[in-house]
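Trainee: Starting off with a structure, shown below.
The values are calculated or read from the model by the stated rules, or taken from the named source; none is laboratory data. Keep in mind that this is a model prediction, so the values were computed, not measured. Cβ coordinates were reconstructed from backbone atoms using ideal geometry, including for glycine residues, and neighbour counts include every protein chain displayed. Note: areas computed on protein heavy atoms with side chains; ligands, DNA, RNA excluded. Shrake-Rupley method; radii C 1.70, N 1.55, O 1.52, S 1.80 Å.
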Amino acid sequence: MVTTTAELAEDEDGRARFDALIAADQRIEPRDWMPDKYRRTLVRQISQHAHSEIIGMQPEANWITRAPSLKRKAILMAKVQDEAGHGLYLYAAAQTLGISREEMTAQLIEGRARYSSIFNYHTPTWADMGAIGWLVDGAAICNQVPLCRASYGPYGRAMVRICKEESFHQRQGFEILYELSHGTPEQKQMAQDAVDRWYWPSLMMFGPSDDASPNSAQSMAWNIKRFSNDELRQRFVGMCVPQFEALGLECPDKDLRYDEETGTWITGEIDWDEFAAVLDGRGPANAARLRHRREAHDDGAWVREAAAEYARKQHDSERVAV
Amino acid sequence: MVTTTAELAEDEDGRARFDALIAADQRIEPRDWMPDKYRRTLVRQISQHAHSEIIGMQPEANWITRAPSLKRKAILMAKVQDEAGHGLYLYAAAQTLGISREEMTAQLIEGRARYSSIFNYHTPTWADMGAIGWLVDGAAICNQVPLCRASYGPYGRAMVRICKEESFHQRQGFEILYELSHGTPEQKQMAQDAVDRWYWPSLMMFGPSDDASPNSAQSMAWNIKRFSNDELRQRFVGMCVPQFEALGLECPDKDLRYDEETGTWITGEIDWDEFAAVLDGRGPANAARLRHRREAHDDGAWVREAAAEYARKQHDSERVAV
Amino acid sequence: TPPVAEYAMRLGDDALILSQQLGGWISRAPELEEDLALGNIALDLIGHARALLRYAGTASDRSEDDLAFWRDEPEFRSCWLVEQPNGHFGDTIARQFLFSAYQVELYQALATSTDPSLGAIAGKAEREVAYHLDHAAQWMLRLAGGTEESRGRITVSLGDLYPYVDELFEDDELTDRLAGVAPRPSSLRAGFDRTVASVLAEADLETPAVKPARGDGRRGGHTASMGYLLAEMQWLARRHPGATW
Amino acid sequence: TPPVAEYAMRLGDDALILSQQLGGWISRAPELEEDLALGNIALDLIGHARALLRYAGTASDRSEDDLAFWRDEPEFRSCWLVEQPNGHFGDTIARQFLFSAYQVELYQALATSTDPSLGAIAGKAEREVAYHLDHAAQWMLRLAGGTEESRGRITVSLGDLYPYVDELFEDDELTDRLAGVAPRPSSLRAGFDRTVASVLAEADLETPAVKPARGDGRRGGHTASMGYLLAEMQWLARRHPGATW
């Protein structure tokens, strides 16, 4: 590729503007110049986030047809539908950076893109609907609220909408667990088992400790990331502790303690080998999640082709009519 | 078409032999000369019979995955599998008359062939498994036992095998109903309801009264049919009466009475409008039965194509090897 | 009154069963937009179902959940059309198209019911089912006018579902008794036929030449799919009698 | 003894769940011959399941039906491979191929068990599972060597099912305790790998390069399909507690 002098000069102007905007904690917009690595980082992060919403529909969709009351069924349908909506916003935000939805979908289906590892666990009971809402959405919110101020405009704005809905979902998850933990002994046990299944993986959602997280520093410098993984995990644990009490459920972390001196929560040891295995594709549901998505995509191919062909014909006949 | 004198002479010889065999109540075999209409009648009857076995798998297959005990599940699977086997024998018998299985399958799927109307009813409860075995297979046996002596050899021989298994199935159906009618009040009610659903349609399986059954006379002359529709229906009703008592279930025909004078059972009025409607395609399950068969056929097309292609390649490579 | 309750149950069961089926699409639709659209329709329908079943239950002091989770198959009053399996997307669209075309007529007529509860429910539902019809009709056009494959598929789907249309418009003793409260089903047929004919004409599809299935849903008779559907829907609730959720 | 009972339950549950799934094919297979063949395999497997569960139940005075119909999901000990959905015919064949290749090794080894009941069951099952393997292997060859479509499909199917292989060969405390009574699962792997490799070589297919799923069936953890499968299987029996059939 040949780069002309004029282009180089333009790049330099752009970089200066970009640096100034970042320094002033203002927003970068799609038409602004931005460093390639900033663009790539955002494409990766936003599309991963979108994929997580889409794959994240599966563990909960699994219970739509079996929800134990009509009210819960309606709430669950609305929630999973919201996740599809979040996926749409986020794909749209990523598209402003020059990647198409088809390309992102292909990356996901072919296993070339990541999504949040948390969704590689199964949901064997209804109580998992509560645990996902309370813990997984709770952890997501801790991660995502700071992203509402992310330096890239479309991403930040998408996150504002998403966070509003997520906190609603989290409350609903808490409610599900509350009903169960105040219900029959069997229901309470179901709630405890689900919390036992999801608690540790939720803590892992914040990622490894900061010293083991190589990309964090650059993302912080670019105002994409605002807090360290450990800081966010702290905040989450602190939020959970009183809620465990309200639920009357036990926290699976028997070593958890509050350090008065530093004012922080010290968690028991997190099993990072487990995290690495699931991230590497060896979790309980990695294969199932991708198969489900691929099958939905393949089964729908004829429908998408028909819609495209119909649109083409309509377009042609309109042109003829003019 | 030009018919030579030699062919005409041969036909006359053939006809004489055919008539003699029929007169002696002996068997016609595939290579024997036979009148076109005899051949067509048999093709129609045997293929209808085969289709009935195949479509007849559906109402019972509906309960395989839900059978209430492992023993019953095994028995039911074996039964439905037998029906597939019967279908195979009968298609093979029809093939000896010069029609291919593909052609018969196409006739069935495209709605150009008939099958027994009895299978156009749904099986909403487990007790229907009993009622089908007892009543439907019972009626089938009354119809089929005389067919073991049908003048066309391959048909008669297929029927011998089939009848042996059918009477086994009938006993199993009776057993299912017996368990239910001697079980909980709910089970007994389930049994009675199923018998109420299937009794009248079973009587219709013998077809309209003899005076309203135009093809019967010719089939009798050809030793394909041995008894009139009414005679067979009589025999069936007579068989059912004591079994109703053993089951402790009520016969839905409140007008049924035994005529001492003629030694026959006089049934209440059969709703031949209902029979005609179902025969015409307006029964509860006609559409569902054909859809199910068509979908199984279409879903399996790629498999059959693969098998055919593989066989072709094997054949070619064997020829090369020689 | 019991007849009104029975009538509300028919409508509520239709909405519930169809919602249950559409719920099975979420996370499996041909594109994200359809996960959203089918989810929306399912949500509208479960909303109608809850209102109708709550109202139906007042006559016998049963809650919406008592009715949804604790009735056995013969006590359900849903029509056979909504019980037909999801199949592929075209099957679901054809089912939705026919059923929404019926519901548009139904709720329009029912909005003027002398029964204020039914009237209010229908009035609210009217706009929603109009959207469902529009969504399904758009897809009928796209699939019929798309590729050769899609045209072939939607033609077959329409033929597979059409036998279940007649049941929707059958009058019976109950609807005869409810003059003023509820429209006679047969009175809704003309409007339905007009809607369907106009969409099929635009899609260049023929009205299927198929025989009607003798549907028996209003008297509690159901097709093969219904038992599976109810077992799945009711399993968890029944596993925990007396529990609240 | 309880450990032997627990072991028999694992084997019995595998056979039961796979039989249940294959039973769903009957009346839906690509050709009549396969309705018969899949039905035969399902019948063999339910036969094994009944023998194994009856034996497993003796330790706790439960019948085969108590175990099949009245245990909840976490009490089932089946592996994840048999829980995988039927999918299309290729999916079912790939599942059967892998599972039968394992069962052939298993029952061969188990036929010499010091536990006479297990030995007898395995001895009888040995020939049957060899037939299952042969049937599935033949179809692997036909599908891989048939059309472009069938080759593509069976390749994907094999990749989808292969992640569930590792679980079959995991030793644990229970199998460690049963030396002599039952083979260590890990000891069966070499034979399995040989069988699979030889069929895949003939079919010109590669061993899928996929990551194993961390199966948890032996401890009662199950995949998404299991709840639906059990609800369907157990619905009627549970609807009538105490009834006999």
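Trainee: Considering the stretch A:242-265 alone, what residues qualify as being loosely packed, with under 15 Cβ neighbours inside 10 Å, part of a helix (DSSP H, G or I) and not small (G, A, S)?
Mentor: A:P242, A:E245
Trainee: Against the definition (in a helix (DSSP H, G or I) and either more than 28 Å from A:D298 (Cα to Cα) or modelled with pLDDT under 95 (or both)), how does A:E166 come out, yes or no?
Mentor: yes
Trainee: Quick check: anything in the stretch B:28-38 part of a loop (DSSP other than H, G, I, E, B), surrounded by fewer than 18 Cβ atoms within 10 Å (Cβ to Cβ), away from chain D (no Cβ under 14 Å) and in contact with a strand residue (DSSP E or B) (Cβ under 9 Å, 6 or more places away or on another chain)?
Mentor: Yes, that holds for at least one residue.
Trainee: Still on this structure: Select from the stretch B:1-27 the residues that are basic (K, R) and without any contact (Cβ under 8 Å) to a residue 60 or more places away in the chain and write down the one among them that is least open to solvent (accessible area, probe 1.4 Å).
Mentor: Looking at the filtered set, the residue picked out is B:R15.
Trainee: Regarding the stretch B:127-134, can at least one residue be identified that is more than 12 Å from chain D (Cβ to nearest Cβ), of a type outside the set (V, I, T), without any contact (Cβ under 8 Å) to a residue 60 or more places away in the chain and farther than 26 Å from B:I224 by Cβ?
Mentor: Looking for residues that are more than 12 Å from chain D (Cβ to nearest Cβ), of a type outside the set (V, I, T), without any contact (Cβ under 8 Å) to a residue 60 or more places away in the chain and farther than 26 Å from B:I224 by Cβ, one finds at least one in the stretch B:127-134, hence yes.
Trainee: Shifting gears a bit: Could you check the stretch D:144-172 and list, in sequence order, the residues that are open to solvent by 10 Å² or more (accessible area, probe 1.4 Å) and either of a type in the set (A, V, I, L, M, F, W, C) or within 13 Å of chain B (Cβ to nearest Cβ) (or both)?
Mentor: Hits for the stretch D:144-172 are D:G145, D:T147, D:E148, D:E149, D:R151, D:G152, D:R153, D:T155, D:V156, D:F169.
Trainee: If you go through the stretch A:62-75 one residue at a time, how many are aliphatic (A, V, I, L, M) and open to solvent by 10 Å² or more (accessible area, probe 1.4 Å)?
Mentor: The number of residues fulfilling the criteria is 2.
Trainee: Which residues, taken from the stretch B:5-27, are in a helix (DSSP H, G or I) and in contact with a helix residue (DSSP H, G or I) (Cβ under 9 Å, 6 or more places away or on another chain)?
Mentor: Answer for the stretch B:5-27, where residues must be in a helix (DSSP H, G or I) and in contact with a helix residue (DSSP H, G or I) (Cβ under 9 Å, 6 or more places away or on another chain): B:F18, B:I22.
Trainee: Taking the options D:L32, D:L52, D:L16, name whichever one is closer than 15 Å to B:K79 by Cα, buried (at least 19 other Cβ atoms within 10 Å of the Cβ) and within 14 Å of chain B (Cβ to nearest Cβ).
Mentor: Being closer than 15 Å to B:K79 by Cα, buried (at least 19 other Cβ atoms within 10 Å of the Cβ) and within 14 Å of chain B (Cβ to nearest Cβ) holds for just one of D:L32, D:L52, D:L16, which is D:L32.
Trainee: Could I ask something else about it? Report every pair of residues separated by at least 6 positions or lying on different chains whose Cβ atoms are under 7 Å apart, first residue within the stretch B:75-94 and more than 7 Å from chain D (Cβ to nearest Cβ), second open to solvent by 10 Å² or more (accessible area, probe 1.4 Å) and among the β-branched types (V, I, T).
Mentor: So the pair list comes out as B:A94/B:V43.
Trainee: For the subset of the stretch B:39-67 comprising residues that are charged (D, E, K, R) and within 14 Å of chain D (Cβ to nearest Cβ), which member is nearest to B:G133 (Cα to Cα)?
Mentor: If we take residues in the stretch B:39-67 being charged (D, E, K, R) and within 14 Å of chain D (Cβ to nearest Cβ), then B:E60 is nearest to B:G133 (Cα to Cα).
Trainee: Right, here's the next one. For the stretch C:109-123, name all the residues that are open to solvent by 10 Å² or more (accessible area, probe 1.4 Å) and touching a residue at least 24 places away in the same chain (Cβ under 8 Å).
Mentor: Selection gives C:A109, C:S113, C:T114, C:D115, C:S117, C:I121.
Trainee: Out of all the residues in the stretch A:215-229, which are within 18 Å of the chain's Cα centre (by Cα) and in a helix (DSSP H, G or I)?
Mentor: Within the stretch A:215-229, A:S216, A:S219, A:N229 meet the criteria.
Trainee: Of the residues that make up the stretch A:113-126, is at least one of a type in the set (S, T, Y), within 26 Å of C:E31 (Cβ to Cβ) and open to solvent by less than 10 Å² (accessible area, probe 1.4 Å)?
Mentor: Looking for residues that are of a type in the set (S, T, Y), within 26 Å of C:E31 (Cβ to Cβ) and open to solvent by less than 10 Å² (accessible area, probe 1.4 Å), one finds at least one in the stretch A:113-126, hence yes.
Trainee: Got a number for residues in the stretch C:70-82 being under 15 Å from C:M226 (Cβ atoms) and within 14 Å of chain A (Cβ to nearest Cβ)?
Mentor: The total comes to 1.
Trainee: Sticking with this structure for a sec: Only one of C:A231, C:A197, C:A203 is more than 17 Å from the chain's Cα centre (by Cα), of a type in the set (A, V, I, L, M) and more than 14 Å from every other protein chain (Cβ to nearest Cβ). Can you tell me which?
Mentor: Criteria check complete, one pass: C:A197.
Trainee: A follow-up question, please. If we keep just the residues of the stretch C:19-29 that are within 17 Å of the chain's Cα centre (by Cα) and assigned to a loop (DSSP other than H, G, I, E, B), which is nearest to the other protein chains (Cβ to nearest Cβ)?
Mentor: Per the stated criteria, the residue is C:G24.
Yes/no per residue for (1) open to solvent by less than 30 Å² (accessible area, probe 1.4 Å); (2) on the phi < 0 side of the Ramachandran plot; (3) among the aliphatic types (A, V, I, L, M):
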site: C:L133; (1), (2), (3): yes, yes, yes
site: C:A137; (1), (2), (3): yes, yes, yes
site: C:L141; (1), (2), (3): yes, yes, yes
site: C:L174; (1), (2), (3): yes, yes, yes
site: C:S186; (1), (2), (3): no, yes, no
site: C:T207; (1), (2), (3): no, yes, no
site: C:G227; (1), (2), (3): yes, yes, no
site: C:A237; (1), (2), (3): yes, yes, yes
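Residues checked against (1) buried (at least 21 other Cβ atoms within 10 Å of the Cβ); (2) more than 14 Å from every other protein chain (Cβ to nearest Cβ); (3) in contact with a Gly (Cβ under 9 Å, 6 or more places away or on another chain):
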position	(1), (2), (3)
A:L180	yes, no, yes
A:E186	no, no, no
A:Q189	no, no, no
A:D193	no, no, no
A:W198	yes, no, no
A:D211	no, yes, no
A:Q218	no, yes, no
A:W222	no, yes, no
A:K225	yes, yes, no
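Trainee: Here's a check for you: in the stretch C:62-79, which residue that is under 18 Å from the mean Cα position of the chain (by Cα) and open to solvent by 10 Å² or more (accessible area, probe 1.4 Å) is farthest from C:S186 (Cα to Cα)?
Mentor: C:E64
Trainee: Separate question: Looking for something in a loop (DSSP other than H, G, I, E, B) and more than 23 Å from C:I93 (Cβ to Cβ) - is there at least one such residue anywhere in the stretch C:183-197?
Mentor: The answer is yes, given that some residue of the stretch C:183-197 is in a loop (DSSP other than H, G, I, E, B) and more than 23 Å from C:I93 (Cβ to Cβ).
Trainee: Here's something else I'd like to know. Is there a residue in the stretch C:176-193 that is of a type outside the set (G, A, S) and in contact with a Lys or Arg (Cβ under 9 Å, 6 or more places away or on another chain)?
Mentor: yes
Trainee: Any chance the stretch D:84-103 includes a residue that's out of contact with any Ser or Thr (no Cβ under 9 Å at 6 or more places or on another chain), modelled with pLDDT of 95 or more, open to solvent by 20 Å² or more (accessible area, probe 1.4 Å) and under 15 Å from D:A49 (Cβ atoms)?
Mentor: For the stretch D:84-103, residues out of contact with any Ser or Thr (no Cβ under 9 Å at 6 or more places or on another chain), modelled with pLDDT of 95 or more, open to solvent by 20 Å² or more (accessible area, probe 1.4 Å) and under 15 Å from D:A49 (Cβ atoms): absent.
Trainee: Right, another one. In the stretch B:266-284, how many are touching a residue at least 40 places away in the same chain (Cβ under 8 Å) and either open to solvent by 50 Å² or more (accessible area, probe 1.4 Å) or at the interface with another protein chain (Cβ under 7 Å from one of its Cβ atoms) (or both)?
Mentor: 6
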